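As structure tokens, the structure follows; a few thoughts come after it.
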Amino acid sequence: LTTSLGPTLRTFEARDSMAVLDDFRADLTEAFETAVAAGDRDAAVRLAAGQAQYWFLRGLMVEGRSRLERALELPGDPTPLDGIAWLELANLAYQTGDAAAGFGAIARARAEGERLADPSVTAVALAREAYGRAIFGQADVGETLLAQARHLTGEAQAWARAEVSMSEGQIRRAQGRTDDALRALRASYRIAASIGYTWMITTSKYVAAKTLLDARRPKEAIDVAVGAVDEARANEDAAGALAVVFVIAGACAFVERHETGARLLGAVEEIGRQYDYSTAVVEGEDAERLRDSLSAGMTPPEFAHQYEQGRRCGWPEVRDMLARLPRREFSMAADPSPEGASPADPDASP
């Protein structure tokens, strides 16, 4: 069941597949525990890898990470799904605040991808490693790894091509190359949207919104991000939706909506408890900078009051707040050009 449904979690069939996995969750848990107890590595890895994307979308981050680790730690020969399992573990480790474990898992995924001559797993692992190298000061190594990943995309599956483009967008954003970042992120979005890959649909817009915010284009960032929240919610990606709301909270500081930003931040923190999602853990220093930028526009008691008000909000209240924010249309459908690139928003505060 999990071997057949796992790949569909990156397609338009994802919602139907998740409903089936919901119904069989207790049985699958029993099957996994039985496999681990019996030392059946093949079965344990197949069960974990097949459900990993489900655990992510359902916000079962801690549970999913633990099961992937337990399966992969069992003695025995690697399975054909070890590469996917390591990639999924990397994502869940990062989402639970352990970047070091995430990069370690990426290295293992790359090794498995190369061992199996799997262009999809190898390309994604190379692209993610490229991003890690780039942000930690090894720009030349990052560019080499990215070039290797892009070379493999001709043979890779669509989901992997979307991930490689998204990683390139992250690298270009870190380099301050706004147009190049948006070009890569738009490519990622188009590929992901063509197959229904929920996580990449959300993530490409999430990084695009951050990129626009870096470029002091907050109204466009809000436009992209609000659309991403709607898509993520429609596709039952609650954690992804929360991550994007976090970016919108940051944009509020640039359009003189500090109170709304503080309320959104409180809502994200409280709703996130249901999904093993914490902005403080996932966003790290960005979360601290966001709190500082929002609190700069009000007194400490005012910030605390708005934040507490936000903690009482659910998704309907969050959606109402988003609907009242100023926006400027930004499309993910077409490549930007230097001539058509929008200038910094004249209404944005520094």
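The values are calculated or read from the model by the stated rules, or taken from the named source; none is laboratory data. Given the structure is predicted, the values throughout are model-derived calculations rather than measurements. Cβ coordinates were reconstructed from backbone atoms using ideal geometry, including for glycine residues, and neighbour counts include every protein chain displayed. Just so you know, the surface numbers come from the protein's heavy atoms only, side chains and all, with ligands and any DNA or RNA stripped out. Shrake-Rupley method; radii C 1.70, N 1.55, O 1.52, S 1.80 Å.
Scan the helices (runs of 4 or more DSSP H) fully inside the range 38-137 and keep the ones with 1 or more residues being open to solvent by 10 Å² or more (accessible area, probe 1.4 Å) and modelled with pLDDT under 95.
61-73, 82-95, 99-115, 119-135
Which of the residues spanning the range 213-230 are in contact with a Pro (Cβ under 9 Å, 6 or more places away or on another chain), more than 19 Å from Leu242 (Cβ to Cβ) and open to solvent by less than 10 Å² (accessible area, probe 1.4 Å)?
Of everything in the range 213-230, just one residue is in contact with a Pro (Cβ under 9 Å, 6 or more places away or on another chain), more than 19 Å from Leu242 (Cβ to Cβ) and open to solvent by less than 10 Å² (accessible area, probe 1.4 Å), namely Pro218.
If we keep just the residues of the range 148-192 that are out of contact with any helix residue (DSSP H, G or I) (no Cβ under 7 Å at 6 or more places or on another chain) and under 18 Å from Ala123 (Cβ atoms), which is surrounded by the most Cβ atoms within 10 Å (Cβ to Cβ)?
Checking each candidate, the answer is Arg190.
Return yes when Leu242 is modelled with pLDDT under 85 and open to solvent by less than 20 Å² (accessible area, probe 1.4 Å) and no when it is not.
So Leu242 fails the test.
I'm trying to understand the selection: among the residues of the range 5-21, which are in contact (Cβ under 8 Å) with a residue 24 or more places away in the chain and assigned to a helix (DSSP H, G or I)?
Leu5, Gly6, Leu9, Arg10, Ala14, Arg15, Ser17, Met18, Leu21
Conditions (1) modelled with pLDDT under 90; (2) over 19 Å from Thr203 (Cα atoms); (3) surrounded by fewer than 22 Cβ atoms within 10 Å (Cβ to Cβ), marked per residue:
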{"residue": "Arg263", "(1), (2), (3)": "no, yes, no"}
{"residue": "Gly272", "(1), (2), (3)": "yes, no, no"}
{"residue": "Ala280", "(1), (2), (3)": "yes, no, yes"}
{"residue": "Ala296", "(1), (2), (3)": "yes, yes, yes"}
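From Asp320, Asp276, which residue is over 22 Å from Ala208 (Cα atoms), out of contact with any Phe, Trp or Tyr (no Cβ under 6 Å at 6 or more places or on another chain), open to solvent by 20 Å² or more (accessible area, probe 1.4 Å) and at pLDDT 95 or above?
Asp320
Mind checking which residues of the range 298-314 are open to solvent by 40 Å² or more (accessible area, probe 1.4 Å) and among the small types (Gly, Ala, Ser)?
Matches in the range 298-314: Ala304 only.
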